[in-house]
Every structure is written in structure tokens, then in C-alpha cells.
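The values are calculated or read from the model by the stated rules, or taken from the named source; none is laboratory data. As the structure is a computational prediction, the values presented were derived from the model and not from experiment. Glycine also receives a Cβ, built like all others from the backbone with ideal geometry; neighbour counts cover every protein chain displayed.
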Amino acid sequence: MKRICITFFLLGFFISLSARNYFIAVNGNDSNSGTIDSPFATINKAQSLVEAGDTVYIRGGVYKVTEEQVMKYKNIWGLVFDLEKSGTKDKRICYFGYPKERPIFDMSAVRPTDKRVIAFYAKGSYLHFKNFEVIGTQVTIRTHTQSECFRNDGGNHNIYECLAMHDGMAIGFYLTQGANNLILNCDAYNNYDPVSDGGSGGNVDGFGGHPLNASSTGNVFRGCRSWYNSDDGFDLIRAHAPVTIDHCWAFLNGYKPQSNKPAADGNGFKAGGYGMLAEVKAPDTIPMHTVKYCLAYYNKNNGFYANHQLGGIAWYNNSGYKNSINFNMVNRKSAAEIVDVNGYGHTLKNNLSYEPRQRDKQIANVDLDKCNISNNSFLPNSMTVTDDDFVSLDASQLMLPRKADGSLPNIDFMKLKTKSKLYKAGLGFSARNNENIIK
Ligand code: CA
Ligand code: CA
């Protein structure tokens, strides 16, 4: 009896420890066993089997996702890959592009009538998505709508790493609920919706952080790039919890892909706001977002934008170049009073502005007496900035391939020469993390 108990104990112990790997491949079949030599065809099959600690390896190639694969229709949404299983702190569920391969999910054939499309929908927690791309996500609704490549809707502690969402009609990444999620080293580009709202493209941001409740704290965008999205690069409108954007680049947003044709809002970092309508309720406590070590170049409208926020935003070590306005701090007067006022409550330190497209608009709409401002290239004292302060002003470097580990490429663009007084002052996105200064 004792031996049987020990056997069962060891068996249980073994099963709980044995993280499984499943494989999917473009030439796979869902009736296979899911090993590397007998791979499945779909995420759907793999995720029906995964448990905490398991990894789904996605082999390289283009996966032509079909409308039959939509896992759930819920209200106005079609959730293509409905990922509601959770890992645990020590045993994540991982969906990884196979090392040294780069799988692509082509969503262009998923066109459910009158439904918004969400390609990867994460309600589960402790998930880790890494190393794959989502292209061609569709919009079919002609009135006001949006589709999304990824939505985090309730999952906590998820990691979205080294993903690319591009050449579709959808927002790249969108967070509505969930705490302590990390969006790391992801790219969103060439996204424009020509179908809804007469083709204005007004909802297609690269990245959206819009936590609906005050408990959705600790969400961070880090090392992400956003370009040629028809609305904004990064958008934090209607957030009920503070979000951090760190070491991210936003450029050429607000234009139709690969063109100089203007599309919608076109802000690099839209870091707040609740709109200017009385019926939209702002939270009782206005979250203070942080935007640091970020770079905004040639967005159609503002580089760094407070967007009528009802309080301050922390802006540290950001660089703005050739945006229409580089730093626009405009706030709304109060929840009750829907009028614009010069920005209050902002912290602005170690920021660098050069050659905004509107003359002298290094910074606009700021109330100096009601902000904590020091050591920027602009207010309260202005430093002279010239081409000669920078190692390079060649913006094409922004689109260079990422490093092998997925991190941002090393660039000289907007990097300060060590002899520059701006360098010595520790300004801009390329300064080394100087937390001692920015406190
Ligand atoms: Ca918009
Ligand atoms: Ca937007």
C-alpha cells in the first residue's frame, strides 16, 4: 500500500513538473500528435491542450488564418484566438516563434460580417507571446469601429515580446484591463483602415494603453516602435490607471502607410485625456502616466501630447524632432469645466526639442508656474540646439532591423555628440538612464 502511494505521488510529481512542448507548422495537421516531427496546424488545437508551464512553438512560414478558426463571437467582436487559459508565476504558458524562424499570421481572410476582429485576445494571465508577426487584420464595418491585432483584456503579468503587427487595418496592441503586463520590443507599422468612417483611419494607433479600472496598474511599454499608423503612435486616452512608456520610438504617424498623405490624429505619444464630452466620465483619481527616454520624429501633429489630460504627466528624457509641435502640454481645466487651459501638474525634465515644423513650437500650452520643469533644451531657459549637436540626423536609421535579442537597433540618429553641451546636461532619449537626475 505504501509503495503504491509513493508511486502515485511520484507519478503526480512527475506530471506536474513535466512542461510539454507543442509545435505548429504551416504543413501541420491538427490530427497529428503535436511534436516537432508531427506538428499541429493551428493555434486553436495547441491552446486546447496547453497547461501552465507548456510552450507552443510556432515554426516559420505564413499561416493563412481562416474565418472558420474564429474561436468565439462575443457581442460585437470576433475573437480569433481566444486565449483564456492561464499560467502561473513560475509556469507561464508560452506562444513562441521557433528560435531563428519568424512565423507570420496572415489575417486577411478573416472578414466576419458586422464584427470587429481581435486576432489574439488574452484574458488569461502569465502568458508569454514572443517572436511572431500579425499582418492583414481586417475591418468590415463601415461605420465607427476598430479591429485589433492583440488585446489584453483582463490578463495580468503577460509578456508581449518581439512581435510585429503591420500592414493591416487594425490597432497593433490594445490594453483594456489587467495589471503588470509588459509590451517589450514590439513594432507596429503600416496600419490604416480605409473602410470605416469614410476611410479616415482615425482609430488605428500603433499601441493603446486604456485601462478601464484603477486596479490595472503596472503596465509598461518598453523598447517598442510605432510608425506609419494612420492615427497615433502610442495612445493612453481614457486610462483609469497609470501607464509607463519607456524607451519607445514613434515616427511618421498620422499618415497613410509609406506616404505623405495625411490621415488622422498623428500624435507620437498621446499620453492622456478623456475627450471633451461631458458624458465621458473621468476617474476620480487622475492617473499620472510616465513617458521617458522616448523619441518622436515627424509625426503629423504633436510629438509628445497631453491631450486635454485632467492632470499632469511625467516626461523625462524625451527627444522631439520635426513634429508639428514637439511638446504640447494642453490640459482640460477640470472634470466639470470642459475648456482647454495651459498644462498644469506636468513634470518635464531632461527633454530635448529640435526644429518643430511649426516655428518656435518646441513646447506649447504650458503653465510654467503650475509645472515642475527643469533642465530641458527649452523652458524655462532655452539652450541653443544646432545640427552639430547630433551625431546624425538620418531618420532612415529608425527603421533598421532589431538586434538578435529583439532590442532596438543602435542608432546615431538624434544621438548627441559627447562634446555637445546637451550631452553634458544629460538631455534626450539617448542619455544613459540617469534616474538620479530625473527624480
Ligand atoms: Ca483618433
Ligand atoms: Ca488614437
**Message:** Any residue in region 40-61 that is over 9 Å from residue 22 (Cα atoms) sitting within a Cβ distance under 6 Å of a residue that is modelled with pLDDT of 95 or more and of a type in the set (Val, Ile, Thr)? List the pairs, counting only those 6 or more apart or interchain.
**Reply:** 52/88; 61/26
**Request:** Tell me which of these residue 377 doesn't satisfy, since it passes every other one: (1) free of Cβ contacts under 8 Å to residues at least 60 places away in the same chain; (2) surrounded by fewer than 20 Cβ atoms within 10 Å (Cβ to Cβ).
**Result:** (2)
**Fill in**
For strands (runs of 3 or more DSSP E) lying entirely in region 212-275, having 3 or more residues that are modelled with pLDDT of 95 or more, under 17 Å from residue 170 (Cβ atoms) and of a type outside the set (A, V, I, L, M, F, W, C) picks out 225-229
**Request:** Of the conditions (1) within 15 Å of ligand 2 (Cβ to nearest atom); (2) crowded, with 22+ Cβ neighbours inside 10 Å, residue 237 clears all except one; give me its number.
**Result:** (2)
**Enumeration of residues in region 257-271 that are more than 15 Å from residue 206 (Cβ to Cβ) and within 14 Å of ligand 1 (Cβ to nearest atom)** = 262
**Message:** Please determine whether any residue of region 89-100 is hydrophobic (A, V, I, L, M, F, W, C), closer than 24 Å to residue 205 by Cα, in contact (Cβ under 8 Å) with a residue 12 or more places away in the chain and touching a His at 6+ places or on another chain (Cβ under 9 Å).
**Reply:** no
**Asked** Where residues in region 197-211 are assigned to a loop (DSSP other than H, G, I, E, B) and of a type outside the set (A, V, I, L, M), which of them is farthest from ligand 1 (Cβ to nearest atom)?
**Response** 211
**Request:** Please work out which residue is farthest from residue 167 (Cα to Cα), limiting yourself to region 182-222 and to residues that are buried (at least 20 other Cβ atoms within 10 Å of the Cβ) and among the β-branched types (Val, Ile, Thr).
**Result:** 183
**Message:** Going by what's in this entry, would residue 427 be described as under 23 Å from the mean Cα position of the chain (by Cα) and modelled with pLDDT of 95 or more?
**Reply:** no
**Index of the failed condition, residue 254 passing every other in (1) free of Cβ contacts under 8 Å to residues at least 60 places away in the same chain; (2) of a type in the set (Gly, Ala, Ser); (3) over 14 Å from residue 206 (Cβ atoms)** = (3)
**Complete:** Of the residues in region 188-237, those that are more than 16 Å from the chain's Cα centre (by Cα) and free of Cβ contacts under 8 Å to residues at least 60 places away in the same chain come to 193, 194, 195, 196, 197, 198, 199, 212, 213, 215
**Fill in**
Over region 292-316, the set of residues closer than 16 Å to residue 431 by Cβ, in a strand (DSSP E or B) and among the hydroxyl-bearing types (Ser, Thr, Tyr) is 316
**Asked** How many residues does region 381-395 contain that are of a type outside the set (A, V, I, L, M, F, W, C) and in contact (Cβ under 8 Å) with a residue 12 or more places away in the chain?
**Response** 5
**Which numbered condition residue 210 fails, given (1) within 25 Å of residue 429 (Cβ to Cβ); (2) away from ligand 2 (no atom under 16 Å from the Cβ); (3) of a type outside the set (Asp, Glu)** = (2)
**Meets criteria (within 24 Å of residue 252 (Cα to Cα), in contact with a helix residue (DSSP H, G or I) (Cβ under 8 Å, 6 or more places away or on another chain) and not acidic (Asp, Glu)) for residue 203** = yes
**Asked** With (1) surrounded by 17 or more Cβ atoms within 10 Å (Cβ to Cβ); (2) modelled with pLDDT of 95 or more as the list, and residue 282 as the residue in question, which single condition is left unmet?
**Response** (2)
**Request:** Kindly provide the set of residues from region 270-286 that are more than 11 Å from ligand 2 (Cβ to nearest atom) and either in contact (Cβ under 8 Å) with a residue 40 or more places away in the chain or touching an Asp or Glu at 6+ places or on another chain (Cβ under 7 Å) (or both), ordered by number.
**Result:** 271, 272, 274, 276, 277, 278, 280, 282, 283, 285
